[in-house]
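Just so it is clear, none of the values below were taken in a lab; they were calculated from the coordinates. Note that this is a predicted model, so its numbers are computed, not measured. Cβ atoms come from the backbone with ideal geometry, glycine included; neighbour counts cover every protein chain shown.
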Amino acid sequence: MVINEIAWGGTAASSSDEWIELYNTTSAAINLSGWSLSDGGDISISLAGTIPANGHFLLERTSDNTIGNITADQTYVGGLSNSGESLTLRDPAGNVVDAANGDGGAWS
């Protein structure tokens, strides 16, 4: 599983409309119980649900109103710093599975 996309700057409608998308790179569904996603600060997400084989999992900030035509798989609280930070995806054993913007610098 990988961190596939990050809308750290929000949307044209609102800079608070942030979202994060995970992608399952395998041919089997993954139960997300015990998985976590964190920025090491105000975002600490205990993932829940299942991500289908070769499927996507959408996390929307605060509510399911961020992307109007797609239902969020989960919502989260906290905000992504526009000046940069890093996100870390961990499996149930606490192993780092993927990281985005690992140096924590400005988003590319």
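From the square roots a ≥ b ≥ c of the eigenvalues of the alpha-carbon gyration tensor of the chain, which class results: rounded (a/c under 1.5), prolate (a/b over b/c), or oblate?
oblate
Test of the criteria: in segment 1-96, which GluC sites (Glu not before Pro) are in a DSSP loop and have at most 10 other Cβ atoms within 10 angstrom of their Cβ?
none
Could you list the chymotrypsin sites (Phe, Trp or Tyr not before Pro) in segment 14-108 that lie in coil according to DSSP, counting only those with at most 16 other Cβ atoms within 10 Å of their Cβ?
Answer by residue number: TRP107.
Search the structure for amide H atoms under 5 Å from the amide H of VAL97, placed 1.01 Å from N in the peptide plane, and list their residues when 5 or more places away or on another chain.
Here LEU89, ARG90, ASP91 satisfy the definition.
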